[in-house]
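First up is the structure itself, then whatever we jot down about it.
The values are calculated or read from the model by the stated rules, or taken from the named source; none is laboratory data. A quick note: this is a predicted structure, and the numbers were derived from the prediction, not measured. Because the Cβ atoms are built from the backbone with ideal geometry, glycine has one as well, and the counts that use them run over all protein chains shown. The area values use the complete protein model at the heavy-atom level, side chains included, leaving out ligands, DNA and RNA. Shrake-Rupley method; radii C 1.70, N 1.55, O 1.52, S 1.80 Å.
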Amino acid sequence: MKRSYAYLLVAAGIVAAISGVAIAQQAATPAATAPAATAPAADAATPAAVTPAAAFDIKSVEAMPVGVERGKAIAAGLCAACHMADGNSAVPLQPKLAGQHPAYLEKQLMDFITVSPQAKKENPDERVRDNAIMKGQVALLSADPKQYANDVKSLAMWFASQKLVPETSKGVNPTLGMGIYRGGIPSKGVPACAGCHSPTGAGIPNKYPRVSGQFADYAEVQLKAFREDQRKNSPANQMQDIAKKLTDTEIKAVADYMAGVR
């Protein structure tokens, strides 16, 4: 999702995360060049500014019913530059949204705009999922709360309906990655990823996002963000608690395994 902006949700983009969900993105402008996979942990990458199609106006869809057609129009107008119009991002630090569970995407897009109950005086505008890029992107959706909710639901429906073009594993420490994903690290109190995200990485609708086929670079950045409390929108701090027990080597291995698990 992008009009003119520099650093500004929230990713991403989400749905992401919903996550999602980090939630959402293919206009007429090509996606920004991705930073190296070794970029420091952050909720989402910070690509160069991308200007979406100037002709798109969110008000043009507000009379449309909630559904995939409304979501398709928003995705083409605001989300495509980073996530592509069908949600199959081509940039490793901008998440693939195609085929993601709609509830996860919705949650991420709502978290990007909702002020955190833990917001402190030095950052009173901190969001539940605080991401500078996505904060600016969600501001381009409808200002009216009901219409915003309709935008979000429509985007989630659209991206969820699209066929994922999955990434594959690059074979980074596959034994370690598979071991963590399937069996966790009992000695460190790390549960198996498969317990929530399913043995195939498909996730559990309305609970846990799909991780199969996601960019390993993006997954790695998000796990480090959870570990460093730069991303804090996991229910009951579940992902923060898990990620804090993982080393960089373990994170890289399991992120790569998730890209290829089916």
For this session: Residues being of a type outside the set (Lys, Arg) and surrounded by fewer than 20 Cβ atoms within 10 Å (Cβ to Cβ): count how many of those fall in the range 133-147.
Result: 6
For this session: Kindly indicate whether GLU220 is in contact with a Lys or Arg (Cβ under 8 Å, 6 or more places away or on another chain), open to solvent by less than 40 Å² (accessible area, probe 1.4 Å) and acidic (Asp, Glu).
Result: yes
Exercise. Do you know which of the residues in the range 112-132 that are modelled with pLDDT under 95 and among the basic types (Lys, Arg) is surrounded by the fewest Cβ atoms within 10 Å (Cβ to Cβ)?
Worked result: LYS121
Exercise. Taking the condition assigned to a loop (DSSP other than H, G, I, E, B), farther than 15 Å from ASP151 by Cβ, open to solvent by 10 Å² or more (accessible area, probe 1.4 Å) and at pLDDT below 95, does ALA55 pass?
Worked result: yes
For this session: Please determine, by comparing only the residues of the range 60-111 that are among the charged types (D, E, K, R) and under 12 Å from the mean Cα position of the chain (by Cα), which one is surrounded by the fewest Cβ atoms within 10 Å (Cβ to Cβ).
Result: GLU106
Problem set entry | Filter pass, LYS207 being out of contact with any strand residue (DSSP E or B) (no Cβ under 8 Å at 6 or more places or on another chain), open to solvent by 30 Å² or more (accessible area, probe 1.4 Å), on the phi < 0 side of the Ramachandran plot and among the basic types (Lys, Arg) | yes
Problem set entry | the range 187-202 residues that are more than 11 Å from MET258 (Cα to Cα) and open to solvent by less than 60 Å² (accessible area, probe 1.4 Å), paired with ones that are of a type in the set (Ser, Thr, Tyr) and not in a loop (DSSP other than H, G, I, E, B) (beta carbon under 6 Å, 6 or more apart) | CYS196/TYR208
Exercise. Any idea which of (1) at pLDDT 95 or above; (2) open to solvent by less than 30 Å² (accessible area, probe 1.4 Å) is the one PRO47 doesn't satisfy?
Worked result: (1)
Exercise. Out of all the residues in the range 246-259, is one or more more than 17 Å from ASN173 (Cα to Cα) and in contact with a helix residue (DSSP H, G or I) (Cβ under 8 Å, 6 or more places away or on another chain)?
Worked result: no
Exercise. Within the set of pairs 6 or more residues apart or between chains, which connect a residue that is assigned to a loop (DSSP other than H, G, I, E, B) inside the range 133-149 to a residue that is among the aromatic types (Phe, Trp, Tyr) and at pLDDT 95 or above with Cβ atoms less than 9 Å apart?
Worked result: LEU141/TYR148; SER142/TYR148
For this session: Count, please, the residues in the range 148-164 that happen to be touching a helix residue (DSSP H, G or I) at 6+ places or on another chain (Cβ under 8 Å) and surrounded by fewer than 16 Cβ atoms within 10 Å (Cβ to Cβ).
Result: 0
Exercise. Does GLY87 count as part of a loop (DSSP other than H, G, I, E, B), within 20 Å of PRO205 (Cβ to Cβ), among the small types (Gly, Ala, Ser) and modelled with pLDDT of 95 or more?
Worked result: yes
